[in-house]
Amino acid sequence: MAVLIFKALENCNSNCVYCDVIKKHKTHILGYDLLELIFTRINEYLLENTQEDFSFTWHGGEVCMLGAEYFERALYLQETICDKTKHRINHLVQSNITLINQDIIDVFKKLGIDSIGSSFDPLHGIRGFGPERDSKSYMKLFFKGYDLLQKNNLRVGIIYVVHKQSLLNPLETVQFLTNFNTSSGIQFSKAYIYHEDKHNLALSMEEYAHFLGIVFKEWYKKQSIYPAITPFTGFINSAKSGQCSMSCTLSGKCAKNWINITPEGMTSQCGRTGDFELVQLGSIKDKTFKELFDAPFKNQIEARRNLLLNSSCKACRFWMVCHGGCPLDAYMQHGDFMAKADECAWIKTFLTEYFEPITGFKF
Amino acid sequence: MTFDNHIIVCPIEHSSAHEIKDKTVVLKTSSLDNVSIAVEKFKNNNNIIHAVLFVPDKPLSEFNFDIALPNCKIVCFASKLGEYSILRKQFPYIHKNKILFFFEPNSEESFLSVKLLSTLNIAVGFKLNSKDILWQDLLDICFHTLYSKASHYIFEPINYLISDFKKEGTIHIESSYFDNFRRYLHLSDTTMQLALTQDDLKNKNFIADGFESLLLKETETVYEKKIAEWHAVFIENKPCATCVAWRLCNGSFLSYCDKGMSEPVAFFSEILEAIQSKNNRVGEISI
């Protein structure tokens, strides 16, 4: 499946401590002419690749700032341009849901969207509006949006960014998140602070591993009554099936089929390279998706697997669930996309100290 | 629309019963004598019968259950069993009509009644929307119903919670006794006014005057405000936000916890453990 991370805007109504998007001060929105070109390119790609699907991930910035009209336009373009391929386009949305309204939800439903990926932090001062990071107002709008989505039978998946302060009460945090939202699972994601750590959020790989371990110990016993948690379910499914079921950063499969588009139409490897303005692959105005997926950089990332498998990761029994980690993390940590990412440390600690002894599985 | 899927709890003898059309209804009555005829009348108006709610004004032993009752869920909000030697003769008919008896968990007599009937495999339960719940007694009987090896009916709402709980989804305990405002509306005995809960009905705290006013923006606003009551728990990070019992109680018993009582949490935690054991047994666990 081809995966498009589509950033029609890089502006946000929130000012979350671990996100840099608001600091970019970008107000440009990808125009309708370019939107039309993107659907034309998607259609071309799907007509040429009849066995492929296309995942269209609405990302930002905060996508609801685009308003319902923008999504209506996308729907119209999809209906008119992708007449024969539209059933192979799957829309996904990442939103903080504080601006969601019935009009937007109505178009989302027409686009076939039945769940929204969102984020939440129980602690005040982490996510919030304005320079003072007003979390109370943020939470009020978040829960209002949540109720509206529930009323419309749309599920909400929560990404919880694990940071230094999460270490104080891992179990309480998870209980909080599952108490208010059982419509879908939780995904843990480690906070990456690549600049000055003004808010004391950075945590080590070991700390992250122990956070996961503390939660896993409880969740594993009670998984028949608690929603799924990523990465736990990925590890379990991988252990059971012998095939990798991990998300993009650990899947080792991101090289050829992921692409990011900025509001200006510039492309790069994925959403994360887009955030850091790394590895520009050219403008969508000049290149087809096939050309972008065949870009030399993507071939280089594809070759990373073999390189690592024959060097730093040689004979590692956790290769199947790690693949040397995310190439972007490797670049941010070592200045080299081809290097092994430091995620190796938390994965090994978590799997050997918690996962394997608790489950009895051995990779 | 907001209330399209709500079930209307409606007095069977309501003077405007003929105006109730195309609804799903719980028919409320204080007598079982004419229930079958009334049910047919409501059905003829294109209503769907969700259940019959029998609210007797005298002890159960003073009623005759040897009558033909409609083939639908029949629930009784009972207060007293009455004369046991008389009532016991009715047990075969109670079984036959599959009546579920709810008691208020605030007296020794209620607990004895539930224990007695459940041992006879008669469907019983406690209305947890009652005042002054005897939590320690409830916790004791909870252990009995979950772990006693003697044949007995697992009392409501424990039976409902165990059967209907889903790990991805929300469960509302009040649905068990038709008091979940997200699902039921209560019609006044004499007017067309509607209330969100049984308590609101008792206190004449109505949300709408007639079905048409359910369409009004103001009605929807009041309803949404009630829906949003849970937000404060999480915005202010109150103890309920991180309490294991929330998954089953949704903060309904906060007033007891505020008094420092630990039994409500213990009660729901015990049920969660029972759900966990059941789910593990039926293989819902991943490994």
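The values are calculated or read from the model by the stated rules, or taken from the named source; none is laboratory data. Note that this is a predicted model, so its numbers are computed, not measured. Cβ placement follows ideal geometry from the backbone for every residue including glycine, while neighbour counts extend to all protein chains displayed. Calculation scope for accessible area: heavy atoms of the full protein, side chains included, ligands and nucleic acids excluded. Shrake-Rupley method; radii C 1.70, N 1.55, O 1.52, S 1.80 Å.
Checking a compactness column here: for region B:231-281, what do you get for Rg(Cα) / (2.2 N^0.38 Å), N being the number of residues?
1.22
With every protein chain present, what accessible area does B:HIS6 have (1.4 Å probe, heavy atoms only), rounded to the nearest 10 Å²?
Answer for B:HIS6: close to 10 Å² accessible.
Please report the Cα spread of chain A along all three principal axes, rounded to whole Å, starting with the longest.
55, 49, 40
Skipping prolines and chain starts, which residues have an amide H placed within reach, meaning under 5 Å, of the one on B:CYS76, given they are 5 or more residues away or on another chain?
B:PHE54, B:LEU100, B:PHE101, B:PHE102
Calculate the mean, over all residues of peptide A:218-228, of how many other protein chain Cβ atoms lie within 10 angstrom of the residue's Cβ.
6
In Å, what is the Rg of the alpha-carbon atoms in region A:95-145, and how long is Dmax?
Using the Cα atoms of region A:95-145, the pair Rg, Dmax is 12.5, 37 Å.
Using all C-alpha to C-alpha distances in region A:206-266, build P(r) with 10 Å bins and read off the rounded percent in each one.
Per 10 Å bin, starting at 0, the Cα pair percentages come out as 18, 36, 27, 16, 4.
If the elastic network links every pair of Cα atoms under 10 Å, which of B:PHE126, B:PHE102, B:PHE253 fluctuates the most in the Gaussian network model of chain B?
Ranking B:PHE126, B:PHE102, B:PHE253 by mean-square fluctuation puts B:PHE253 first.
Could you name the lysines whose alpha carbon sits less than 26 Å from that of A:LYS256, not counting residues in the same chain fewer than 8 places away?
The qualifying lysines are A:LYS7, A:LYS84, A:LYS86, A:LYS190, A:LYS285, A:LYS287, A:LYS290, A:LYS298, A:LYS314, A:LYS340.
Whose amide H sits under 5 Å from the amide H of B:LEU185, counting only residues 5 or more places off or on another chain, with H placed in the peptide plane?
Sorted by chain and number, the residues that satisfy this are B:ILE7, B:ILE8, B:VAL9.
If the elastic network links every pair of Cα atoms under 10 Å, which of B:LEU112, B:LEU194, B:LEU69 fluctuates the most in the Gaussian network model of chain B?
Fluctuation is largest for B:LEU112.
Based on alpha-carbon atoms only, what is the radius of gyration of the protein assembly as shown relative to the globular estimate 2.2 N^0.38 Å?
1.12
Sequence neighbours fewer than 8 away in the same chain don't count; with that in mind, list the lysines whose C-alpha is under 18 Å from B:LYS217.
Here the lysines satisfying the reach criterion relative to B:LYS217 are A:LYS144, A:LYS151, B:LYS225, B:LYS226.
Run the numbers on region B:167-194: which residues show a drop of 10 Å² or more in accessible area, chain on its own versus all protein chains together, using a 1.4 Å probe over heavy atoms?
B:LYS167, B:GLU168, B:GLY169, B:THR170
With both partners inside chain A, how many of the DSSP beta bridges are antiparallel, as a percent to the nearest 5?
Of the beta bridges lying entirely in chain A, close to 20 percent run antiparallel.
Residue-wise, which Karplus ³J(HN,Hα) couplings in Hz belong to region A:71-77, taking 6.51 cos²θ - 1.76 cosθ + 1.60, θ = phi - 60°, and x for glycine or proline?
Those phi angles translate into 5, 4, 4, 4, 4, 4, 5 Hz.
Contact order normalised by length for region A:129-209, with contacts defined as Cα pairs under 8 Å and 6 or more residues apart; what percent is it?
30
Could you give each residue of region B:203-218 its phi-based ³J(HN,Hα) in whole Hz, using Karplus coefficients 6.51, -1.76, 1.60 with θ = phi - 60°, and x for Gly or Pro?
Ordered by residue, 3J(HN,Hα) equals 8, 6, 9, 8, 9, 8, 10, x, 5, 4, 6, 5, 7, 5, 4, 4 Hz.
Could you tally the net charge around B:HIS95, taking each other residue with its Cβ under 13 Å from the Cβ of B:HIS95, Lys/Arg +1 and Asp/Glu -1?
Local net charge: +3.
Which lysines does B:LYS166 reach when only Cα atoms under 17 Å apart count, and residues fewer than 8 places away in its own chain are ignored?
Result set, ordered by chain and number: A:LYS221, A:LYS222, B:LYS278.
Other chains' Cβ within 10 Å of A:166-176 residues: what's the mean?
2
Using amide H atoms built in the peptide plane, which far-off residues or other-chain residues are under 5 Å from B:VAL244 H to H?
none
Just the number, please: Stokes-Einstein D of region A:112-205 in µm²/s, Kirkwood Rh from C-alpha pairs, 20 °C, 1.002 mPa s.
Approximately 149 µm²/s, per Stokes-Einstein.
Report, to one decimal in Å, the Kirkwood hydrodynamic radius for region A:13-146 based on all distinct Cα pairs.
Evaluated on region A:13-146, it is 16.2 Å.
Give me the percent of DSSP beta bridges within chain B that run antiparallel, rounded to the nearest 5.
The answer is about 15 percent antiparallel.
Can you give the accessible area of B:ASP33, probe radius 1.4 Å, in Å² rounded to 10?
120
Enumerate the whole-percent occupancy of each 5 Å bin, from 0 to the last occupied one, for all C-alpha pair distances of region A:130-284.
Percent of pairs per bin, in order: 2, 7, 12, 15, 17, 18, 16, 9, 3, 0.
For chain A, what's the relative contact order in percent, using C-alpha pairs closer than 8 Å and at least 6 residues apart?
Answer for chain A is 16 percent.
Do me a favour and compute the ellipsoid semi-axes for region A:1-87 from its Cα gyration tensor, root of five times each eigenvalue, largest one first, whole Å.
Working from the Cα gyration tensor, I get semi-axes of 27, 14, 10 Å.
Please report the net charge: other residues with Cβ closer than 15 Å to the Cβ of A:GLY324, K and R +1, D and E -1.
Taking every Cβ under 15 Å from that of A:GLY324, the sum is +2.
GNM, chain A, Cα, under 10 Å: largest mean-square fluctuation among A:GLY265, A:GLY128, A:GLY67?
A:GLY67
Could you work out [θ]222 nm for chain A from helices alone, using -39500 (n - 2.57) per DSSP H run of at least four and dividing by all its residues? Round to the nearest 500 deg cm²/dmol.
Dividing the helical sum by the residues of chain A leaves -11500 deg cm²/dmol.
When the Debye formula is applied to the Cα atoms of region B:77-209, each taken as the same point scatterer, what base-10 log of I(q)/I(0) results at q = 0.17, 0.23 Å⁻¹?
Treating every Cα as an identical point scatterer, log10 I(q)/I(0) equals -1.01, -1.36.
Given the protein chains as shown and a 1.4 Å probe, how many square angstrom of A:ASP114 are accessible, to the nearest 10?
90
Tell me, what is the percent relative contact order of region B:231-281, built from C-alpha pairs under 8 Å that lie six or more residues apart?
Result for region B:231-281 is 30 percent.
How would B:TRP230, A:TRP346 rank on accessible area, largest to smallest, probe 1.4 Å?
Ranked from most to least accessible, the order is B:TRP230, A:TRP346.
Quick check on region A:226-337: take the gyration tensor over C-alpha atoms, sort the square-rooted eigenvalues as a ≥ b ≥ c, and tell me if it's rounded (a/c under 1.5), prolate or oblate.
prolate
If we count every other residue with Cβ under 14 angstrom of A:PRO263's Cβ, Lys/Arg +1 and Asp/Glu -1, where does the sum land?
Net charge in that neighbourhood comes out at -2.
Taking a 26 Å limit on the Cα-Cα distance, which of the listed pairs B:LYS80/B:LYS127; B:LYS58/B:LYS98; A:LYS109/A:LYS240 fall beyond it?
Beyond 26 Å: A:LYS109/A:LYS240.
For region B:7-164, taking Cα atoms only, what is the radius of gyration to one decimal and the Dmax to the nearest whole Å?
Gyration radius and largest Cα-Cα distance of region B:7-164: 16.3, 50 Å.
Determine ³J(HN,Hα), in whole Hz, for all residues of region A:156-167 in sequence, where each value follows from phi through the Karplus function 6.51 cos²θ - 1.76 cosθ + 1.60 and θ = phi - 60°; x replaces Gly and Pro.
10, x, 10, 8, 10, 7, 7, 10, 3, 6, 5, 5
Which semi-axis lengths, in whole Å and largest first, follow from the square roots of five times the eigenvalues of the Cα gyration tensor of region A:276-316?
Output for region A:276-316: semi-axes of 28, 11, 6 Å.
Once the Cβ-Cβ distance between A:TYR194 and B:GLU273 is put in as r, and R0 is 51 Å, what FRET efficiency do you end up with, to the nearest 0.05?
The formula returns an efficiency of 0.70 here.
Can you give the Kirkwood hydrodynamic radius for chain B, in Å, rounded to one decimal and based on Cα pairs?
Across chain B, the inverse of the average 1/r is 20.4 Å.
Using a 1.4 angstrom probe on heavy atoms only, work out the carbon and sulfur share of the accessible area of the protein assembly as shown in %.
51
Would you please state the base-10 log of I(q)/I(0) at q = 0.23 1/Å for region B:104-146, with intensities from the Debye formula using one equal scatterer on every alpha carbon?
Here log10 of I(q) over I(0) equals -0.75.
Using DSSP to call loops (not H, G, I, E or B), can you name the GluC sites (Glu not before Pro) in region A:254-362 whose Cβ has at most 11 other Cβ atoms within 10 angstrom?
A:GLU277
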